[in-house]
Amino acid sequence: MTRERSWGVLAVACLAQLLVVLDSSVVNIALPQIARALSIDDRDVQWVASGYTVAFAAALLAGARAADTRGIRGVFLFGVSLFVAASVVGGVASTGSMLVSARIVQGLAAAIVSPATFTLLTLTYPEGPMRTRAVAVWTAISVAGGGVGNIAGGALTEYVSWRSVLLINLPIGAVLLMSARRHLDARRAGTEAHRPGLDIVGAAFGALALGASTVAVTQLGAGGSQSLSLSTAVLAVAGSIGFVLRLRRSTAPLIPLRLFADRTVVTGNLLTLLTGAVFQIPIWLYLTYQMQELLQRSPLQAAVGFLPLTAALVVTGVAVTPALMRRCPSHLVAAAGATLAAAGLLGLAAASNSPGYLAAVGLPSILIGIGGGLLNTPLATAVTSGVARSDAGAASGLMNTSKQFGGAMGLALLTIVAGLTDFRFAYSAMAAAMAVTAVCCVVFLRTPPPKVRY
């Protein structure tokens with residue numbers, strides 16, 4: 001593959017991942033306007049956001065394995081097309097139920113697209129500096145997408161309309177589909193190899209376990225119906241048992257059992273889950289509430305307030321982390337990142353009641369962004385290191401599932417014990433999670449030192 005085509009693949013993968021991640025947060029600031037426009041009850045409007053997240057988490061494993069069993073190019077194009085179509089339906093929705101249904105379909109499509117983007121990287125770039133750099137760019141976009149989504153959502157909602165938050169996906173998706181058809185070569189995506197069938201039963205059990213778990217923790221964290229939380233928790237346990245039994249008996253399991261025999265893959269995913277409990281959803285949501293409720297910023301001003309965190313994440317992840325990983329063991333880079341993130345979160349906790357933006361949000365956010373930029377790329381590299389090409393989609397799906405479920409679980413637990421206004425306790429809890437991550441990176445995620453080239 002030529003250098004031009006390989007960078008074309010990276011551009012396609014990153015644009016698609018940005019599209020998916022943006023839509024997990026882009027509607028948040030527009031929710032009040034959506035509720036008024038479509039006459040949605042305050043208790044139900046959360047499903048405009050949660051419907052996407054629940055569907056995304058529920059279908060991730062099946063969506064990821066589809067890339068291994070059906071061919072990455074066709075699966076990617078189908079997922080993006082479905083995502084764009086659902087975005088248009090949501091953008092013209094005339095009722096709340098129509099909008100929520102469109103958001104659920106968006107989430108299902110995102111579960112196909114997101115793991116496929118990472119699989120494209122592992123199939124295009126061999127292990128080494130080139131893959132590390134590609135993963136660093138993809139990871140920076142994945143983590144910073146929440147902030148970019150808030151900024152885009154605030155600007156579009158204030159200056160255009162809440163509908164533009166969804167309809168903007170049409171021109172972006174059209175560009176993405178044209179680029180994908182040009183740069184994704186089916187012959188290099190492993191589509192000529194023998195492909196096992198997709199385990200539909202295992203996919204159903206996995207979707208039940210993940211979807212029910214996400215609904216249960218979301219309802220519990222939001223103070224929703226206890227009977228719904230309990231019933232979905234029971235379904236989650238039943239789905240989990242069925243999924244594990246199916247993995248052991250299936251001839252083509254959704255997650256090959258050999259992946260669980262790799263200590264680095266298992267440890268990397270557990271730490272990805274813990275990291276997702278901070279970076280995937282909670283930090284963005286708590287900063288949004290702090291800036292709007294405590295600092296009295298407008299939606300657009302709050303959105304712009306995320307720029308230090310977003311910029312630090314992207315610059316560190318793209319420009320600094322790959323260079324460090326060429327010189328230092330990646331588990332030490334990850335540990336340093338988690339430590340810096342913990343320090344920044346403690347800074348947020350200490351200054352949470354400060355009336356000034358710079359002390360309360362700006363400076364600590366830069367430190368958190370630097371830490372996140374150092375942390376996420378080594379973890380993403382670890383969970384795919386040494387994985388066979390035939391298992392690339394499954395490994396990617398497992399990583400994305402860990403990240404998404406970690407975010408949902410982290411948010412639910414934080415809102416149970418801290419609500420959405422006890423910023424000091426919430427930031428302190430996130431700092432503790434990052435401290436645990438740092439220790440675990442050093443103790444359990446040991447990686448060999450990089451080969452020095454003279």
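Can you work out which of the residues in the stretch 406-432 that are among the small types (Gly, Ala, Ser) and open to solvent by 20 Å² or more (accessible area, probe 1.4 Å) is farthest from THR267 (Cα to Cα)?
GLY419
Given the stretch 46-136, what helices (runs of 4 or more DSSP H) lie entirely inside it while holding 1 or more residues that are charged (D, E, K, R) and open to solvent by 10 Å² or more (accessible area, probe 1.4 Å)?
Per the criteria, 46-70, 72-91.
Please work out which residue is farthest from VAL26 (Cα to Cα), limiting yourself to the stretch 227-281 and to residues that are of a type in the set (Gly, Ala, Ser) and without any contact (Cβ under 8 Å) to a residue 12 or more places away in the chain.
Taking the candidates together, the pick is ALA261.
Taking the stretch 325-365 on its own, how many of its residues are in contact with a Ser or Thr (Cβ under 7 Å, 6 or more places away or on another chain) and over 23 Å from GLN290 (Cβ atoms)?
The total comes to 5.
How many residues are in a helix (DSSP H, G or I), small (Gly, Ala, Ser) and within 29 Å of TYR357 (Cβ to Cβ) when one looks only at the stretch 263-300?
Number of matching residues: 2.
Looking only at the stretch 388-410, which residues are at pLDDT 80 or above and farther than 18 Å from GLY211 by Cα?
ALA395
Could you grab me the full set of residues in the stretch 23-45 that are basic (Lys, Arg) and outside any helix (DSSP H, G or I)?
ARG43
Restrict the check to the stretch 395-408 and report whether at least one residue is more than 29 Å from PRO329 (Cβ to Cβ) and in a helix (DSSP H, G or I).
Yes, the conditions are met somewhere in the stretch 395-408.
The conditions are (1) open to solvent by 10 Å² or more (accessible area, probe 1.4 Å); (2) at pLDDT below 85; (3) over 24 Å from HIS183 (Cβ atoms), and LEU38 fails exactly one of them. Which is it?
Unmet for LEU38, out of (1) open to solvent by 10 Å² or more (accessible area, probe 1.4 Å); (2) at pLDDT below 85; (3) over 24 Å from HIS183 (Cβ atoms): (2).
Among the candidates GLY347, GLY356, GLY373, single out the residue that is out of contact with any Pro (no Cβ under 8 Å at 6 or more places or on another chain) and open to solvent by 20 Å² or more (accessible area, probe 1.4 Å).
Exactly one residue qualifies, and that residue is GLY356.
The values are calculated or read from the model by the stated rules, or taken from the named source; none is laboratory data. Predicted model only: the values in this text are computed from it and were never measured. Every residue, glycine among them, receives a Cβ derived from its backbone with ideal geometry; neighbour counts consider all protein chains shown. Accessible surface is based on the protein model in full, side chains and every heavy atom, while ligands, DNA and RNA are left aside. Shrake-Rupley method; radii C 1.70, N 1.55, O 1.52, S 1.80 Å.
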